[in-house]
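First comes the structure, then the notes that go with it.
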Amino acid sequence: MGITIAVDLDDTLADIAPALYSEFRLLGVPEPDPSRWHFGDPQRMQSACRRLAESGWRGCKLVAGALEVIQGWYLDGHRIVIVTSRPEEQEEPTRAWLEWQALKVRHGDWHGWADLHLIGDACKVRHCQAEKAVVLVEDRASTALRAHEEGLGTVLLDQPWNQLADLPRAMGWRGVDGVQGRVAELLSARRIA
């Protein structure tokens, strides 16, 4: 029997940074420092995200290697939960984008490889715990650290903005697959002991 693996969407599964930078340029906002991933004014960030959602997130690409790893996890019997802080009103464009990327998402009676959870401002760690996730793959250091502190196996997808976090780190999705396995083994050993 497999485990539940939670996967963050933005900049873990979907490479949205280049599309956001493009939207910021259109809005006349200077490009942020990628090592900080801080956009300043939250209203500008919401405006840029709204424009991307209206376009169906078409300017975004799937992070290299993600599709193959997630499909492999599914075929190995694991449950995949894609969890995002995007608001519920972005469900249809998000779902359409994922399917456009060939990532099969469950919907109603239709079976796919993954469940999609848009949680808005809710706590991602608490949501993952409620879904009985054993591992969270995440790019945001603060969320990954909280997940780790709460006992959730955590894999930090390496990004310029999370360099200071001391957690199991993967250098791209090929690395996520191996790190996820080691984290799951450690958690299983901890539960048995």
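The values are calculated or read from the model by the stated rules, or taken from the named source; none is laboratory data. These numbers come from a predicted model, not from an experiment. Reconstructed Cβ throughout: ideal geometry from the backbone, glycine too, with neighbour counts over all protein chains shown. When the accessible area is computed, the model is the full protein with side chains, heavy atoms only, and any ligands, DNA or RNA have been set aside. Shrake-Rupley method; radii C 1.70, N 1.55, O 1.52, S 1.80 Å.
Figures for the structure shown
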| item | result |
| --- | --- |
| Residue that is nearest to the chain's Cα centre (by Cα) [pool: residues in the range 74-86 that are over 20 Å from Y21 (Cα atoms) and surrounded by fewer than 23 Cβ atoms within 10 Å (Cβ to Cβ)] | V81 |
| Search result, residues across the range 80-95 that are in contact with a Gly (Cβ under 6 Å, 6 or more places away or on another chain) and farther than 20 Å from C123 by Cβ | P93 |
| Matching residues, the range 108-126, being buried (at least 18 other Cβ atoms within 10 Å of the Cβ) and either modelled with pLDDT of 85 or more or of a type in the set (K, R) (or both) | L116, H117, L118, K124, V125 |
| The range 127-162, subset in contact (Cβ under 8 Å) with a residue 12 or more places away in the chain and assigned to a loop (DSSP other than H, G, I, E, B), residue most open to solvent (accessible area, probe 1.4 Å) | K132 |
| Condition met for T94 (open to solvent by less than 40 Å² (accessible area, probe 1.4 Å), at pLDDT 90 or above and of a type in the set (S, T, N, Q)) | no |
| Qualifying positions in the range 98-110 - touching a Leu at 6+ places or on another chain (Cβ under 9 Å) and in a helix (DSSP H, G or I) | L98 |
| Identity of the residue in the range 59-85, of a type outside the set (A, V, I, L, M, F, W, C), out of contact with any Phe, Trp or Tyr (no Cβ under 7 Å at 6 or more places or on another chain) and not in a helix (DSSP H, G or I), that ends up modelled with the lowest pLDDT | G59 |
| Residues that are open to solvent by 30 Å² or more (accessible area, probe 1.4 Å) and in contact with a strand residue (DSSP E or B) (Cβ under 9 Å, 6 or more places away or on another chain), drawn from the range 9-27 | D10, D15, P18 |
| Count of residues meeting criterion [touching a residue at least 60 places away in the same chain (Cβ under 8 Å), closer than 24 Å to R174 by Cα and hydroxyl-bearing (S, T, Y)] in the range 53-93 | 1 |
